[in-house]
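J.: Before anything else, here's the structure in question.
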Amino acid sequence: MTIKIERPVLKWHENLYFPAIWGGIKVTSRHFWKTVGNWISGKKYGMITSTGRVTMEYPEEKWAVPNEYRGAPTLVKDPDGRIKCVACQLCEFVCPPRAITITPEPIPGQLPNATVEKWPKEFEIDMLRCIYCGLCEEVCPEEAIFLLKDYSFVGESREELVHNKERLLELGGMRQDKIYKWKNK
Amino acid sequence: MIADAKSTSTPMVNLTINDRPLSVPQGTNLIEAAAKLGIHVPHYCYHPKLTVVGNCRMCLIEMGTPQIEPDKKSVLKPDGPPEITWMPRPQIACATLVSEGMAVRTHSKMVEECRKGVMEFLLINHPLDCPICDQAGECRLQEYSVDYGTGGSRFVERKVKRPKKVELGPRVTLDDERCILCSRCVRFCQEVAKDDVLGFTDRGGHTTLGCYPGKKLENNYSLNTVDICPVGALTSSDFRFQMRVWFLKEARSVCTSCATGCNITVGSREGVVYRYTPRQNDAVNSTWMCDAGRLNYAWINDPRRLTRPLKNGQSAEWSDALPDARHLLREAGMKGQLAIVASGRASTEELFLVRQMAALFPAAAVDIVGRTGGHDQILVSADKNPNTSGAKLLGLATGKLAEIKKGIESGRIKTLFVQGENLEKAGFEAGLLAKLDALVVLDILPSPTTQMATWVLPGAAHVEKNGTFINGRGRLQRFLPSFSVKGHAHEDWYILKELLPEAEHTQYHSFHSVFEAMVRETPALAGVAWEGVGDQGTPLDLKL
Amino acid sequence: MNLLFYIFSGLMLLCAALVVANRHPVTSAMLLILVFFFMAGLFVLLEAFFLAVIQVLVYAGAVMVLFLFVMMLLDIRSSQIRRQNAPAMLAGLSVGFAFWVEFWLILRHSALPVGAPMNFDAGIRPIGKLLFSEFVLPFEITSLLLLAALVGVVLLSQKETR
Amino acid sequence: MMTEPMIAGLWTDTVSFFGVHAVAVVLLKIAVVLFALLGLVSYTVLAERRISAFIQDRLGPNRVGWFGLLQPVADSFKFLLKENVMPAHVNRIYYVLAPCIALAPALLTFIVIPFGNTLAGEPMVIANLNVGVLWMFSIASLGVYGIVLGGWASNSKYPFLGGIRSSAQMISYEISMGLSLIPVFMHVGSLNLTEIVNAQSHRWLFLHPNLFLAFLIFMISSFAETNRLPFDLPESEQELVGGYHTEYGSMKFALFFLAEYANMITASALMVTLFFGGWQVPFALPESLSHPVTWLAPFVFQPVGFVYILSFFLKMLLFLGVFIWIRWTLPRFRYDQLMNLGWKVFLPMALANVFVMGIWMALSV
């Protein structure tokens, strides 16, 4: 269905643009002087609306991200210290920007978790490619990938922002959960 | 396929499957009959190339026969078709043969209920380690679980533990917890490989697959059991944990390990070959291939692969390599000092271009390097070159290799062109090759021969290019590329046509133009078209 | 000031030759702009600042922008850039030669002193006066011609919508 | 190639034409004005960022230096140190040439603007051309090449559309801009900017009703000529990504950016010069300022010279403020609106203005 919006027929003085320009300048001036006033007097600045202050002094104040926020993906360990990832490569498959590269490997026999048989020899997430979609977390059958709430990752080189297994595990840390699927293997 | 072969002699039987009429030869089972209508009847233990045992119970269907009155006439429904007497209980489709007037329901409510029940039983002790299982992605258990499985399990007891990671043989690893006891592998070893080593021990939920005491699954066809295993119980030790199958790009190709020319599927990802699997071709290899051929792919991934032209071992540019090599060959050819060693591993098209080069200089001696080895009565041929027949057809297998050797020794031959062969293995020692003025080698891996070469021209592996082989029985078979040529290397046809003089090579602008020229100029190939060769190859009438 | 004259006119001729020789239309246009600049430089040497500035303003600033505008809309690919065409080249050369001969004949019979710098006022006022007195007829005819062209363009572009 | 004697000859020619002293002074003035201009450009960018921030209830850049005053320095380092990327599909020569062509006219136009009366006896203008305003126009009209070539050489759709748009827009508005100034020349009777400023010693030109209209047309057209909102269609971030400079990065982008602000400064300076009395001060200055500073003899150095420069500078800043403020106030025009405004409103208006001015002058004689 098409909705037809009637365009208002402008009067001659409205067609001149000047009233509109003047109106615009009034609005911008009001905000300008108010902010300047607040700034000089050292008050918190920013427009106050019914929901509170809408401007935030970013580096000092930070946005409290909601629980559902999708930040950097990381690998976690279970309470026994086992790397939960079994290198099934589903995240590598599902990753839309192909940021994940996994090199699987059989777990060497002498290690305590050798019954799981498989783990990632290398696990890389290219944070320059990552789009924070969270599909890797969603798809992981082992609940080994979790997204942090961190959203500002900076680095001085491209290599630095390709997170390898050690870095991902360090960021992810240990996760308290109750799934011991592989414990009795 | 089987049915078609028999159709001339075997009487046809009429039946209906899901109310759709169908006519198939007598002796066809219901799985095959339904497949003709495009209906898939789920099954695990049934395999068209093995005997029917009917132990998985997955292919249950509902079946009925026409009601017969005492006077042997069918009872008809008011609207025409015969009245059917349905069997009260489901039947297994694999072991039920068609009969006249039979009616079948493959997806009725009862059938679906039965399949759900079977699936629930199969999954009771299944370990659910799909994330680490190599079969995931091509696993019948996964597929049918999606169709007929229930989300949860009603089984509250402990799952039965069975041996995991058992090495049945040098190339096959067994995870017994995943085994659904379909016995395909047992039957394969008995019937096809003729090496009866596998069997079941213990009872009930504890039944375990194993080898007979003192034996191992180590015959040359053992990896076929991995292919036919419908679940992840048998896995290839070579492919184990290397790559998930859904990443693999599959290309239709031909095995290069012997003259049989087994049809294969090459699984590769991002320019790395991970496995070969047999591709069905009943005229060549049925659905099998030997372990030796299957595992003969690592050389493609070799990090030492030649990716740039080399001049006396130093990296060089194609723009220098091709004109210079062309010049060397031409000069020697004109003086009658040129010899060519072609390869039975090269495609027919490449050999055709080599023959064209040889034809320019009639004095030049040319031959291929022969390879022979053991053979068996199943698939392995004694001739280890995949394309000896192609070389013979083009007149390149002349048996003059010894003459070439002598020619070099006597100094009559001063320039040698070698196509993808390590001459040291053919008895050409380094000292002999050192006598040459110029040695031009087209190869993909460094060898003692390439080390001696004036020019090394890097070519492509068979998984990187189009081509055809003619197998030992004279069957022309295509192979298609999986990925493009590595680095700065070129496809061989391009290099070979560039080595021909200008006037000759301008006619070849693509691989297909080479193929067409070869067909045009070879009487035995008359009427063959690239598309017509198809995935199954085409038999040639060769008088070799 | 002779040296500057030779530099400007030499570069101007070089650029003009390149305008013709160059195969790429955009490069030709840019070279033509350079020609206008050097010509403006010559005007400056004659102390005709007004003419120099107008030269740049009208030709480089407006006319050539329109040229470029049209060229870009034409979407000329490098593969389509015309090859050297012998008849066209011959025709061009003969027209050029004819023009040169004509020019030479005119100069030979001209009353203007050739080679010696002239002393004239090239300001706005004399030019305006000349335009509106002695050359008023050609000026008005030219404007009429332009008007006709304008009307013609409008007519042509309207044709499809009618 | 030029040989050494030729270069020497060129130098002698130039010097003999203008005189050694004049050449040295001109070079000095060029150097000072160029640096002042570039400095002003970078601080205009800062001002733009701060003002826009205040208008949007933010603070803007306040980290580098006191109150963010060193931000332009940090920006310039960033631009200079950034990786110089050359996209593979561009036409390399024009791609590099375009930003240079964009910036050069913006800086060149300033040389005819008298930014002060005299200082130490020197007129505060680099080149006192008789055709001053025409020079401005002819050079400013070349600025469009930078944009058009940049758009075309990028070989990509958005820059191309931006380039096409800007060439159409700039040609269109150049006409009304040029025509709007004719009443000024008619009134003053000269194209020389110094003379125009001198003519305003009693009354600034915008006070004349015809010339006020001319000023309005001129100001609005210069918004269009400098590609500033509400007429920034060549860039139009929302539809064309960045317009003609979409494919540009690092210093090459910075040159485009500098060119825009340099154009703004020139336009402001021109408005001040043409309509607002240039360096003149609207009130009488104390006599003492006109006395030469004694300890600076032998130069005749009058402090009033600085006052005039300051006056010019402050007026220019005012117009820069208007430029910036308008940008954050008005939304962008639609393309057809822009063209309608240029061709159907301003062009007839400017023509009529010339006509009325002629009648006015004829009557008042």
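J.: So who's got an amide H within less than 5 Å of the one on B:Ile340, skipping anything under 5 residues away but keeping other chains? H placed 1.01 Å off N, in plane.
T.: B:Ala365, B:Val366, B:Asp367, B:Phe417
J.: Can you tell me which of A:96-105, B:434-443 comes out highest on packing, and rank the rest after it, using the mean Cβ neighbours within 10 Å?
T.: Going by the mean number of other Cβ atoms within 10 Å, highest first, we get B:434-443, A:96-105.
J.: Considering every residue in C:19-29, what mean count of other chain Cβ atoms within 10 Å of its Cβ is obtained?
T.: 1
J.: Rolling a 1.4 angstrom probe over the protein heavy atoms, how many square angstrom per residue are accessible across the protein assembly as shown?
T.: On a per-residue basis, 51 Å².
J.: Placing unit charges on C-beta atoms (Lys and Arg positive, Asp and Glu negative, everything else neutral), compute the dipole magnitude of chain B about its Cα centre in debye, rounded to 20.
T.: In total the dipole reaches around 840 debye.
J.: Sticking with this structure for a sec: Which residues of region D:22-54 show a drop of at least 30 Å² in accessible area when all protein chains are present, compared with their chain alone (probe radius 1.4 Å, heavy atoms only, ligands and nucleic acids excluded)?
T.: D:Phe54
J.: So, one more: Could you derive backbone 3J(HN,Hα) for region B:409-425 from the dihedral phi with the Karplus parameters 6.51, -1.76 and 1.60 (θ = phi - 60°), listing whole Hz in sequence and x where the residue is Gly or Pro?
T.: Each residue's phi maps through the Karplus curve to give 4, 7, x, 6, 9, 10, 10, 10, 10, 10, 9, x, 10, 8, 5, 4, 6 Hz.
J.: Under the Karplus relation 6.51 cos²θ - 1.76 cosθ + 1.60, θ = phi - 60°, what is the ordered set of whole-Hz ³J(HN,Hα) values for region B:17-33, x standing for Gly and Pro?
T.: Listing the rounded values in order: 10, 6, 6, 9, x, 7, 10, 10, x, 4, x, 6, 8, 6, 5, 5, 4 Hz.
J.: Pull up all non-local amide H partners of B:Val13: gap of 5 or more, or a different chain, and H-to-H distance under 5 Å with H placed in the peptide plane.
T.: B:Val24, B:Gln26
J.: Chains A and B: what accessible area do they bury, summed, in square angstrom to the nearest 100, with a 1.4 Å probe?
T.: 1600
J.: Each residue of region B:352-358 in turn: what ³J(HN,Hα) in whole Hz from Karplus with 6.51, -1.76, 1.60 and θ = phi - 60°, glycine and Pro shown as x?
T.: 4, 5, 5, 4, 4, 5, 5
J.: Compute the signed sum of charges (Lys and Arg +1, Asp and Glu -1) over the other residues within less than 15 Å, Cβ to Cβ, of D:Met186.
T.: Working: positive: C:Arg125; negative: D:Glu195.
Result for the local shell: 0.
J.: Also, quick follow-up: Would you list the P(r) distribution for the protein assembly as shown, with all Cα-Cα distances sorted into 10 Å bins from 0 and each bin expressed as a whole %?
T.: Result returned by the calculation: 1, 6, 11, 13, 12, 12, 12, 11, 10, 6, 4, 1, 0, 0, 0.
J.: Let me ask something additional. When Cβ neighbours within 10 Å are restricted to other protein chains, what is their mean count per residue of peptide D:323-334?
T.: That works out to 3 on average.
J.: Mean separation of Cα pairs under 8 Å and 6+ residues apart, divided by the residue count of chain B: what relative contact order is that in percent?
T.: On the way: 1072 pairs, mean separation 56.0, N = 544.
Taking the mean separation of contacting Cα pairs over the length of chain B, I get 10 percent.
J.: Still on this structure, I have one more. Quick one: grab the alpha carbon gyration tensor of chain D, order the square roots of its eigenvalues as a ≥ b ≥ c, and give me rounded if a/c is under 1.5, else prolate or oblate depending on whether a/b is larger than b/c. Please report the intermediate quantities before stating the final value.
T.: Working: a/c = 1.44, a/b = 1.18, b/c = 1.22.
Since a/c stays below 1.5, the shape of chain D is classed as rounded.
J.: How far apart, in nanometres, would the label points at B:Lys406 and B:Leu360 be if each is projected 7 angstrom from Cα along the Cα-to-Cβ direction?
T.: 2.8
J.: Averaging sequence separations of C-alpha pairs under 8 Å and six or more residues apart, then dividing by the length of chain D, give the relative contact order as a whole percent. The partial results should precede the final answer.
T.: Details: 502 pairs, mean separation 77.8, N = 365.
The normalised contact order for chain D reaches 21 percent.
J.: Once you sort the root eigenvalues of the Cα gyration tensor of region C:1-77 as a ≥ b ≥ c, which label holds: rounded (a/c under 1.5), prolate (a/b larger than b/c) or oblate (the other case)?
T.: oblate
J.: Indicate the gyration tensor shape class of region D:198-356 (rounded, prolate or oblate), computed on the Cα atoms with a ≥ b ≥ c the square roots of the eigenvalues: a/c under 1.5 is rounded; otherwise a/b larger than b/c is prolate and the rest oblate. Provide the component values of the computation, followed by the final result.
T.: Working: a/c = 3.44, a/b = 1.55, b/c = 2.22.
It is oblate, given that a/c is not under 1.5 and a/b is not larger than b/c.
J.: Please compute the net charge surrounding D:Pro105, taking Lys and Arg as +1 and Asp and Glu as -1 over other residues with Cβ under 13 Å from its Cβ. Working shown, then result.
T.: Details: positive: none; negative: D:Glu174, D:Glu225, D:Glu260.
Cβ neighbours under 13 Å give a net charge of -3.
J.: Which net charge results for the neighbourhood of B:Gly64, defined as the other residues with beta-carbon distances under 14 angstrom from its beta-carbon, given Lys and Arg at +1 and Asp and Glu at -1?
T.: Here the charged neighbours net out to -1.
J.: Say the dipole of the protein assembly as shown comes from +1 at the beta carbon of Lys and Arg and -1 at that of Asp and Glu; which of B:Val380, B:Val272, D:Ala98 then lies farthest toward its positive end?
T.: B:Val380
J.: To the nearest hundred square angstrom, how large is the accessible surface buried between D and A, total for both chains, probe 1.4 angstrom?
T.: 1600
J.: Under 5 Å between amide hydrogens, which residues at least 5 positions from D:Gly65 or on another chain qualify, with H placed 1.01 Å from N in the peptide plane?
T.: Excluding prolines and chain starts, which carry no amide H, the hits are D:Leu70.
J.: Describe numerically, in nm with one decimal, the distance between label points set 7 Å from Cα along Cα→Cβ at A:Leu128 and at B:Glu69.
T.: 8.6
J.: A follow-up question, please. Under a 10 Å cutoff between Cα atoms, tell me which one of D:Leu211, D:Leu103, D:Leu341 has the largest fluctuation in the Gaussian network model of chain D.
T.: Fluctuation is largest for D:Leu341.
J.: Enter the mean number of other protein chain beta carbons within 10 Å of the beta carbon of each residue in A:27-38, as an integer.
T.: Counting Cβ atoms of other protein chains within 10 Å of each residue's Cβ and averaging gives 4.
J.: If you build a Gaussian network model of chain D, linking Cα atoms that sit under 10 Å apart, which residue out of D:Ala269, D:Ala102, D:Ala36 swings the most?
T.: D:Ala36
J.: According to a simple spin-label model (label point 7 Å from Cα along Cα-to-Cβ), what is the distance in nm between B:Glu270 and B:Thr506?
T.: 4.4
J.: Using r as the Cβ-Cβ distance of A:Val9 and A:Trp63, and R0 as 35 Å, what FRET efficiency do you calculate, to the nearest 0.05?
T.: 0.20
J.: In chain B, which longest range has no GluC sites (Glu not before Pro) that are both DSSP loop (not H, G, I, E or B) and surrounded by at most 10 other Cβ atoms within 10 Å?
T.: Formally, the longest exposed-site-free interval is B:271-544.
J.: Just going by the charge dipole of the protein assembly as shown, with Lys and Arg at +1 and Asp and Glu at -1 on Cβ, which of D:Asn192, D:Gln238, A:Pro106 is farthest out on the positive end?
T.: Projecting each Cα onto the dipole axis, the largest value belongs to A:Pro106.
The values are calculated or read from the model by the stated rules, or taken from the named source; none is laboratory data. Every value quoted in this text rests on a predicted model; they were computed, and no experiment measured them. Every residue, glycine as well, gets a Cβ built from its backbone with ideal geometry; the counts of neighbours run over all protein chains shown. Note: accessible area is taken over every heavy atom of the protein model, side chains too, but ligands, DNA and RNA are not part of it. Shrake-Rupley method; radii C 1.70, N 1.55, O 1.52, S 1.80 Å.
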